[in-house]
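Participant: Okay, handing you the structure first.
What follows is calculated from the coordinates using simple rules that are stated; it is not laboratory data. Small disclaimer: the values here were computed from a predicted structure and weren't measured. We place every Cβ from the backbone using ideal geometry, glycine too, and count neighbours over all the protein chains shown.
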Amino acid sequence: MQGFPSMAFADIPPGLSIVAARRLKRLKRLSRRTAIVGAGLAVPFIARAAGAPEITWRVGHGLPTDFPLHVRLIEAAGEITARTGGRMRLEVYGNSELGGSAGLFAQLRAGTIDIVPMTSQALSPNLAVSALPRIGFAFNGYDRVWAALDGQVGVFLRQQIHERLGLIAMDRCWNFGFRQVTTSGRLVTTAADIAGMRLRTPPDADIVDLFQALKALPVAMSLSDMDHALNRHEVEGQEGILPLVKAAHLERYQTICALTNHIWDGYWMCVAGRSWSNLSDNFKEIVAAALNNGGLNQRKDTLDAESGNRQELEADGMKFNTVDADSFRSVLREAGYYDRWRNKIGDDGWAALLKYTGRLS
């Protein structure tokens with residue numbers, strides 16, 4: 001599953017919950033009014049436009065075409081076509097059709113692709129500060145996430161993306177989601193409950209480092225190996241987003257889900273610098289408005305999907321509980337975890353983050 005830009009290569013669920021699927025079916029019916037969808041390619045229909053558009057942009061990403069991000073991108077493309085009178089068109093390619101995460105990023109910087117949704121994880125190898133939203137237990141819910149990303153943290157990160165990578169990130173970050181912990185029976189409510197637990201994680205250095213600091217025993221493995229490991233009790237639990245838990249049918253082996261919200265990530269809608277500079281001010285306003293509105297709608301879509309996933313998992317017998325986030329923060333503080341992140345992020349980024357999280361280090 002190469003090219004999925006935000007879950008350490010393998011952790012993208014192959015489908016959505018029934019609730020989310022129904023919602024997306026309705027969204028697709030709406031999007032067909034403005035776009036033609038097929039084989040991972042969305043070509044906006046240009047109503048009453050004479051000849052070819054003056055500007056054609058390509059948008060590439062690695063997610064399946066039934067995911068909210070793809071559907072909302074198609075809607076944004078239709079809005080841009082309509083508001084420019086057919087003078088501008090966006091072609092949206094999903095399913096890694098234009099390449100994997102690294103390839104899409106390289107093409108974006110070269111200007112051969114015009115827009116790529118980039119997660120903090122995908123940006124961080126080239127811009128360490130972009131990993132700031134992924135700091136463990138920094139945010140305890142979506143209200144704090146959106147306050148920070150729509151506020152000073154977002155301003156800081158967009159400036160860094162522009163100044164150091166030459167890309168233009170839109171104002172509204174799109175949602176990927178919070179990660180949670182599931183177990184085969186152990187109740188996790190404080191940091192002490194996870195100490196010594198053999199816990200499957202994806203091969204992501206930041207996630208492994210987080211759980212090592214919490215004194216757990218992270219076992220990094222691919223998604224394809226996880227089912228076998230859980231079935232044979234080689235690991236007691238795992239961590240990931242709820243759509244993954246549902247799509248992989250982890251309720252077969254995992255009976256409890258602790259809503260830890262331990263790491264969040266999202267997609268910055270990044271535009272190639274050259275592509276952006278070639279637009280008129282009017283077209284820039286149209287493109288930014290369409291992509292930012294699409295991001296707000298996609299946030300709602302993903303929250304609906306998470307709610308639907310939880311309802312279905314509870315119906316299958318999985319129990320959910322909240323945790324004492326302060327206990328996890330305390331252990332991380334004592335382990336020097338936040339001090340390491342502060343050194344990595346720098347004082348400016350750290351100061352911006354603390355305005356929304358309170359004391360960390």
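Participant: Taking every pair of distinct Cα atoms and averaging 1/r, then inverting, what Kirkwood hydrodynamic radius in Å comes out for the stretch 168-231?
Facilitator: On the way: mean 1/r = 0.0739 Å⁻¹.
Every distinct Cα pair counted, the radius reaches 13.5 Å.
Participant: Using r as the Cβ-Cβ distance of ASN293 and ALA106, and R0 as 35 Å, what FRET efficiency do you calculate, to the nearest 0.05?
Facilitator: Given R0 = 35 Å and the Cβ-Cβ separation, E is 0.75.
Participant: Tabulate in residue order the Karplus-calculated ³J(HN,Hα) for the stretch 53-58, using 6.51 cos²θ - 1.76 cosθ + 1.60 with θ = phi - 60°, rounded to whole Hz; enter x for Gly and Pro.
Facilitator: Here the 3J(HN,Hα) series is x, 6, 10, 10, 10, 10 Hz.
Participant: Tell me the Kirkwood hydrodynamic radius of the chain in angstroms, computed as one over the mean inverse distance between distinct C-alpha pairs.
Facilitator: Numbers: mean 1/r = 0.0477 Å⁻¹.
That comes to 20.9 Å for the chain.
Participant: For LEU354 paired with GLU234, estimate the spin-label separation in nm (one decimal), with each label point 7 Å from Cα along the Cα-to-Cβ line.
Facilitator: 4.3
Participant: Compare ASN297, ASN175, ASN278 in a GNM of the chain, Cα atoms joined below 10 Å, and give the one with the largest fluctuation.
Facilitator: Of ASN297, ASN175, ASN278, the most mobile in the Gaussian network model is ASN278.
Participant: Show me 119-125, 325-331 ranked by packing, highest mean number of other Cβ atoms within 10 Å first.
Facilitator: 119-125, 325-331
Participant: Would you mind checking the stretch 253-281 for residues with the amide N under 17 Å from a putative spin-label position 7 Å along Cα→C-beta of LEU187?
Facilitator: Under 17 Å, as judged by backbone N against the label point of LEU187, lie 255-260 of the stretch 253-281.
Participant: With +1 on each Lys and Arg Cβ and -1 on each Asp and Glu Cβ, and nothing else charged, work out how big the dipole of the stretch 80-195 is about its Cα centre, in Debye to the nearest 20.
Facilitator: Values: 11 positive and 8 negative charges, 16 e Å.
In debye, rounded to 20, the stretch 80-195 gives about 80.
Participant: Treating the stretch 122-189 as a set of equal point scatterers at the Cα positions, no solvent, please give the Debye-formula log₁₀ I(q)/I(0) at q = 0.26 Å⁻¹.
Facilitator: -1.29
Participant: A follow-up question, please. Hey, got the Cα dimensions of the stretch 234-274 along the principal axes, in Å, largest first?
Facilitator: 50, 19, 18
Participant: Report, to the nearest 10°, how far helix 68-83 tilts away from the longest principal axis of the Cα atoms in the chain, using its own Cα long axis and a range of 0 to 90°.
Facilitator: 20
Participant: Further question on the same structure: For the stretch 276-336, would you read off the P(r) tail past 18 Å as a percentage of all alpha carbon pairs?
Facilitator: Every Cα pair in the stretch 276-336 considered, those over 18 Å come to 67 percent.
Participant: Taking H as built 1.01 Å from N, whose amide H comes closer than 5 Å to the amide H of PHE320, not counting residues under 5 places away?
Facilitator: Residues meeting the amide H criterion: CYS257.
Participant: Skipping prolines and chain starts, which residues have an amide H placed within reach, meaning under 5 Å, of the one on LEU217, given they are 5 or more residues away or on another chain?
Facilitator: Long-range HN contacts for LEU217: GLY196, MET197, ARG198, LEU199.
Participant: Can you run phi through the Karplus equation (6.51, -1.76, 1.60; θ = phi - 60°) for the stretch 243-255 and list ³J(HN,Hα) in whole Hz, with x for Gly and Pro?
Facilitator: x, 5, 4, 6, 5, 8, 6, 6, 4, 5, 10, 10, 10
Participant: In whole angstrom, how far apart do the alpha carbon centroids of the stretch 79-142 and the stretch 283-356 sit?
Facilitator: For the stretch 79-142 versus the stretch 283-356, the Cα centre distance is 18 Å.
Participant: Of HIS228, TRP264, HIS249, which is farthest on the positive side of the dipole of the stretch 228-361, counting Cα position, with +1 on Lys and Arg Cβ, -1 on Asp and Glu Cβ, and the Cα centre as origin?
Facilitator: So the residue we want is TRP264.
Participant: In whole Hz and in residue order, list the ³J(HN,Hα) couplings for the stretch 334-350 that follow from phi through the Karplus curve 6.51 cos²θ - 1.76 cosθ + 1.60, θ = phi - 60°; x for Gly and Pro.
Facilitator: 5, 7, x, 4, 6, 5, 5, 5, 4, 5, 6, 7, x, 5, 5, x, 5
Participant: What translational diffusion coefficient, to the nearest whole µm²/s, does the stretch 183-318 have by Stokes-Einstein, given a Kirkwood radius computed over alpha-carbon pairs, a temperature of 20 °C and 1.002 mPa s viscosity? Walk me through the intermediate numbers first.
Facilitator: Numbers: Rh = 17.4 Å.
In µm²/s, the coefficient rounds to 123.
Participant: Report the residue, chosen from THR322, THR81, THR260, that carries the largest GNM mean-square fluctuation when the chain is represented by alpha-carbon nodes joined by springs under 10 Å.
Facilitator: Fluctuation is largest for THR322.
Participant: By DSSP, what percent of the beta bridges with both residues in the chain are antiparallel, rounded to the nearest 5?
Facilitator: Within the chain, antiparallel bridges account for around 60 percent of the total.
Participant: A further question follows. Non-local amide H neighbours of TRP57 (under 5 Å, H modeled in plane, Pro and chain starts lacking H): which ones?
Facilitator: ARG89, LEU90, GLU91
Participant: Hey, another quick one. Projected onto the charge dipole of the chain (+1 at Lys/Arg Cβ, -1 at Asp/Glu Cβ, origin at the Cα centre), which of GLY85, GLY166, LEU332 gives the Cα projection farthest towards the positive end?
Facilitator: Of the candidates, GLY85 comes out farthest on the positive side.
Participant: Between GLU334 and GLN212, 0.36 nm times their residue separation minus their Cα-Cα distance comes to what?
Facilitator: Fully extending the segment from GLU334 to GLN212 adds 42.7 nm.
Participant: Taking the Cβ of each residue in ILE194, ILE207, ILE286 as the centre, tally the other Cβ atoms inside 10 Å and list the residues starting with the fewest.
Facilitator: Taking fewest neighbouring Cβ atoms as first place, the list is ILE286, ILE207, ILE194.
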